[in-house]
Amino acid sequence: MKKIVLALAVIATVACFSSCNKKCTCKTYAAGVVVTTTEDVELDGKTYKKCSDLNQIIIETPKTGMECE
């Protein structure tokens, strides 16, 4: 019985952590300068699995576009 309760507790804990929405901080650059910073951008989990999936760097040097972490 104790093993069953322990197994259910572990499953419930894993389910709680996997259902949380991850939040990212995104910075928009123009000619290498940060123009805006947006915090708490939520990932939907289907299209974007990690913050770096939101990156939209158009030009690398000087950096222009959006970078999320």
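Of all residues in the range 33-51, those satisfying the criterion of being out of contact with any Lys or Arg (no Cβ under 6 Å at 6 or more places or on another chain), open to solvent by 60 Å² or more (accessible area, probe 1.4 Å) and either more than 20 Å from K22 (Cβ to Cβ) or not in a loop (DSSP other than H, G, I, E, B) (or both) are V33, V35, T36, T38, E39.
Look at the range 55-67: where a residue is more than 16 Å from T25 (Cβ to Cβ) and a partner is open to solvent by 60 Å² or more (accessible area, probe 1.4 Å), sitting 6+ places away or on another chain with Cβ atoms under 6 Å, you get P62/A31; T64/I58. Applying a threshold of 7 Å to beta carbon distances and a minimum spacing of six or more residues, or different chains, the list of pairs starting in the range 24-38 at a residue that is among the aliphatic types (A, V, I, L, M) and ending at one that is surrounded by 11 or more Cβ atoms within 10 Å (Cβ to Cβ) reads A30/T64; A31/T64; V34/K27; V35/T28; V35/Y29.
The values are calculated or read from the model by the stated rules, or taken from the named source; none is laboratory data. Predicted model, so just to flag it, every value in this text is computed and none were measured. Virtual Cβ from ideal backbone geometry, glycine too; neighbours counted across all protein chains shown. The accessibility values were calculated without ligands, DNA or RNA, using every heavy atom of the protein model including side chains. Shrake-Rupley method; radii C 1.70, N 1.55, O 1.52, S 1.80 Å.
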